[in-house]
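Just below is one structure, and these are the notes that go with it.
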Amino acid sequence: NKMDLFDKFNPIKEAYSPLTSGGGDPFGVAFDRIASPTIGLINNREIVLAGTNNYLGLTFDDAVITAGQQALRTFGTGTTGSRIANGTFGPHRLLEEEMATHYGMSSAIVFTTGYQANLSVVAGLAQKGDQIFIDADCHASIYDACQLSGAEIIRFAHNDPTSLDRRLARSDPNSSNKLVIVEGLYSMFGDVSPLAEFVEVKKRHKAYLMVDEAHSFGVFGDRGLGLAEAHGVLDGADFLVGTFSKSLAGIGGFAVSNHPDFNFLRVAARAYMFTASSSAASVEVTRAALKVIAARPELRTDLWKNARRLHAGLKAKGFGLMAEPSPVVAVDFGDPARAARAWNALLQLGVYVNLAIPPGTPNSKSLLRCSVSAAHTSDQIDFVINCFEKVAEMA
Ligand code: PMP
């Protein structure tokens, strides 16, 4: 009773059709042009971008663009190869040195994407016989990485150090290596991890700790290094992982560590070895963005001012928000069909946010997820709030 290969899509097709009944496809948007970090164009209509993870708005920064342009001329368009073959250029090495220096750590490795950074660190370090303790709300790339490793995967309750403690206590302290994985700022609800408590638990159980700062780099900490910096536990995490695709305005990923053997990951991690390296242009864009972040801490001030304005404005209108103020503001819309109707209506009014529905969301929530940028004007934030109010009545 062999099925057609595509029969497995039938439930997906069924779930998809109500999402597109409003005319647009929430998972198939294409912008014809991007005019600025906060304005995109679709069919010559200006759309306020309120779901792009462009936290510091650096994708159109002059210095950042110039760095990318110069690298295109100097190094060409692509690298045409892996980091361990022909694909390591001067800029990759320089970015690694700069990230290590920034964090005050002995090693930094640059990957082609944040997704591949997670695959590399987790599946490069853990293997069959090891145990990975993962926060239940961790990103799909971390789940995939755990699967790839072959280690035993043990989930603990989201943001709950006591739950982690219990699971670690139940496991034999001598039988396996233990790796704990949490994130800094969680991308769907916009809530943050109690990192200091996790560090205390992992130390007591002699486990390793990895923190994914994908959404927190550039957002938290006096120097913008992320939540571990903000919570004063940079030295408590064994591995910090992040992406260049959000605050850093490029594409790529990184991992930093003080472990003396960390660099052997380069010849152990398949997601590092068997993929082309990121383009020199993307690496130079990231290096330039790092410099801007260091030189302009006021970007973080602007980001948080906008985040608080959006959060307070939506809250005042009675919306159900998933977390305390942060640059990710997730609005509860009940069920997928209603969330999709509201998403469509928002786009009609000229606002782009992310539709986030099960199984991609924690607790089966149906959300319209906003991400705020330092580049938003107060008027743009107020426009978004007003549009939310209008669509709540319509949807
Ligand atoms: N980790 C987390 C927590 C993420 O949210 C993301 C991307 N949204 C990634 C990793 C992957 O990063 P990238 O987009 O660079 O592959």
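Just so it is clear, none of the values below were taken in a lab; they were calculated from the coordinates. Small disclaimer: the values here were computed from a predicted structure and weren't measured. Cβ: placed from backbone, ideal geometry, glycine included. Neighbour counts: every protein chain shown.
Show me, bin by bin at 5 Å from 0, the whole-percent P(r) of segment 166-312 based on Cα pairs.
Distribution as computed: 2, 8, 15, 19, 19, 16, 10, 6, 3, 1, 0 percent.
Please work out whether segment 295-395 counts as rounded, prolate or oblate from its C-alpha gyration tensor, where a ≥ b ≥ c are the square roots of the eigenvalues and a/c under 1.5 means rounded, while otherwise a/b larger than b/c means prolate and anything else oblate?
The shape class here is prolate.
Where the centroid of each part is defined by its Cα atoms, how far is segment 189-239 from segment 314-354 in Å?
Cα centroid to Cα centroid, the span is 28 Å.
Between Lys291 and Ser17, what is the label-point separation in nm under the 7 Å Cα-to-beta-carbon projection?
5.6 nm
Please list 373-385, 63-75 highest first by mean number of surrounding beta-carbon atoms within 10 Å per residue.
Put in order of decreasing packing, that is 373-385, 63-75.
Tell me, what ³J(HN,Hα) does each residue in segment 386-391 have, in order and in whole Hz, if you take phi through Karplus 6.51 cos²θ - 1.76 cosθ + 1.60 with θ = phi - 60° and put x for Gly and Pro?
5, 5, 4, 4, 5, 6
Given Cα pairs under 8 Å that are at least 6 residues apart, what percent is the relative contact order of the chain?
Relative contact order comes out at 23 percent.
Just want to confirm a number: the relative contact order over segment 1-71, from Cα pairs under 8 angstrom separated by 6+ residues, in percent.
15 percent
Assuming a ≥ b ≥ c are the square roots of the Cα gyration tensor eigenvalues, decide whether segment 241-297 counts as rounded (a/c under 1.5), prolate (otherwise, with a/b larger than b/c) or oblate.
Because a/c hits 1.5 or more and a/b fails to exceed b/c, segment 241-297 counts as oblate.
Quick one: in segment 209-271, what % of C-alpha pairs are over 13 Å apart?
64 percent
What does the charge count around Asp222 come to, taking other residues whose C-beta lies under 12 Å from its C-beta (Lys +1, Arg +1, Asp -1, Glu -1)?
Here the count lands on +1.
Step through the residues of segment 270-287 one at a time and calculate ³J(HN,Hα) from phi using the Karplus curve (6.51 cos²θ - 1.76 cosθ + 1.60, θ = phi - 60°), rounding each to whole Hz and writing x for Gly and Pro.
Values, residue by residue: 5, 6, 9, 7, 9, 8, 5, 6, 5, 5, 4, 4, 5, 5, 5, 4, 5, 4 Hz.
Go ahead and estimate [θ] at 222 nm for the chain from helices alone: -39,500 (n - 2.57) per DSSP H run with n ≥ 4, summed, over the residue count, rounded to 500.
-12000 deg cm²/dmol
Which ³J(HN,Hα) values, rounded to whole Hz and listed in residue order, are derived for segment 131-148 from phi using the Karplus coefficients 6.51, -1.76 and 1.60 in 6.51 cos²θ - 1.76 cosθ + 1.60 with θ = phi - 60°, glycine and proline given as x?
Along segment 131-148, the couplings run 10, 10, 9, 10, 4, 4, 8, 4, 4, 3, 5, 6, 4, 4, 4, 4, 4, 5 Hz.
Around Asp135, which amide H atoms from residues at least 5 apart in sequence, or from another chain, sit under 5 Å from its own amide H, with H modelled in the peptide plane?
Those qualifying (amide H under 5 Å, at least 5 residues apart or on another chain) are Phe156, Ile181.
Can you spot the lysines whose alpha carbon is less than 30 Å from Lys291's alpha carbon? Ignore those fewer than 8 places along the same chain.
Within the straight-line cut-off, Lys291 pairs with Lys246, Lys305.
Rounded to a whole number, what is D in µm²/s for the chain from Stokes-Einstein with the Kirkwood radius over alpha-carbon pairs (4 °C, 1.567 mPa s)?
59 µm²/s
For Gly218, enumerate residues with amide H under 5 Å from its amide H, sequence gap 5+ or separate chain, H modeled in the peptide plane.
Residues meeting the amide H criterion: Leu225, Gly226.
Note down the relative contact order for segment 45-171 as a percent, whole number, built from C-alpha pairs under 8 angstrom at least six residues apart.
With pairs under 8 Å counted, the relative contact order is 14 percent.
Express the C-alpha Rg of segment 232-354 as a ratio against the empirical globular expectation 2.2 N^0.38 Å, rounded to two decimals.
In units of the 2.2 N^0.38 Å rule of thumb, it is 1.43.
First select every other residue whose beta carbon is under 14 angstrom from the beta carbon of His102; then total the charges, Lys and Arg +1, Asp and Glu -1.
-3
Order the peptides 116-126, 293-303 from the highest to the lowest mean number of other Cβ atoms within 10 Å of their residues.
Peptide ranking by packing, descending: 116-126, 293-303.
Would you grab the residues whose amide H sits under 5 Å from the one on Thr243? Only those 5+ places off in sequence or on another chain, please, with H modelled 1.01 Å from N.
Excluding prolines and chain starts, which carry no amide H, the hits are Ala214, Phe254.
Calculate, for Arg170 and Thr77, the FRET efficiency according to 1/(1 + (r/R0)^6) with r their C-beta to C-beta distance and R0 41 Å; round to the nearest 0.05.
Working from the Cβ atoms, E equals 0.20.
Can you pull out the trypsin sites (Lys or Arg not before Pro) in segment 1-65 that DSSP calls coil and that have at most 15 other Cβ atoms within 10 Å?
Sparse-neighbourhood loop trypsin sites (Lys or Arg not before Pro): Lys2.
Net charge near Glu324, counting Lys/Arg +1 and Asp/Glu -1 over other residues with Cβ under 12 Å of its Cβ?
+1
To check you understand DSSP bridge types, tell me what percent of the beta bridges within the chain (both residues inside) are antiparallel, rounded to 5.
60 percent
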